[in-house]
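Worksheet for the structure shown next.
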Amino acid sequence: MLFGQSVFQSVLDRLKADDENELDAPVSARIRGLTTGLAFDVMEGVSVASAQPGQAYLDLLESDAPCEEEISPGPEPEPAAEPEPVMPEHLSRTAPQDVAAELSISARDTVQSLGEKRRAFAKMNHPDGVDLLFRENAAKRMTIANLLIDEAIKRLGR
């Protein structure tokens, strides 16, 4: 309690007094608490209301635009046909034996090393990282690899 008022009431009184003081003060483009004006206050005496920022923008465009004589329309290049994507060799190996051979899971692997193998395999084979035409093969390889690694982790827990 400050002088018989709660803190909340004293804050409200202060805000009300500030509002009354602002109504008496001349209107300016200054923000209370800043010691300097904004950029539009000092632009050669031009007020914000009389400035036409849209027109200034167009004026700048006109001065930078090349003259019609400078523009020489050349023949439009024909769009180059994109070459057919080639499937990487490793994506063609979708048999579980092939994926197991690539992972080379052994009895000496730890949970950490199996996680590293999973990340390295995903970096090369994740469906999001290959062309749309090869995503089915990549998804098969990732499914098989995840199953093999999960099974190896289960065996470590026994």
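The values are calculated or read from the model by the stated rules, or taken from the named source; none is laboratory data. The shown structure was predicted, so the numbers you read here are calculated from the model rather than taken from an experiment. A quick note on method: Cβ atoms are made from the backbone with ideal geometry, for glycine too, and the neighbour counts reach across all protein chains shown.
Which one of these is assigned to a helix (DSSP H, G or I) and at pLDDT below 90: 156, 114?
Just one listed residue meets the conditions, 156.
Which residue is farthest from residue 84 (Cα to Cα), if the candidates are limited to the range 103-158 and must be among the hydroxyl-bearing types (Ser, Thr, Tyr) and surrounded by 12 or more Cβ atoms within 10 Å (Cβ to Cβ)?
113
Being closer than 26 Å to residue 127 by Cα and either out of contact with any strand residue (DSSP E or B) (no Cβ under 9 Å at 6 or more places or on another chain) or surrounded by 10 or more Cβ atoms within 10 Å (Cβ to Cβ) (or both): is that true of residue 77 here?
It is false that residue 77 is closer than 26 Å to residue 127 by Cα and either out of contact with any strand residue (DSSP E or B) (no Cβ under 9 Å at 6 or more places or on another chain) or surrounded by 10 or more Cβ atoms within 10 Å (Cβ to Cβ) (or both).
Can you give me the number of residues within the range 85-111 that are hydroxyl-bearing (Ser, Thr, Tyr) and not in a loop (DSSP other than H, G, I, E, B)?
The number of residues fulfilling the criteria is 1.
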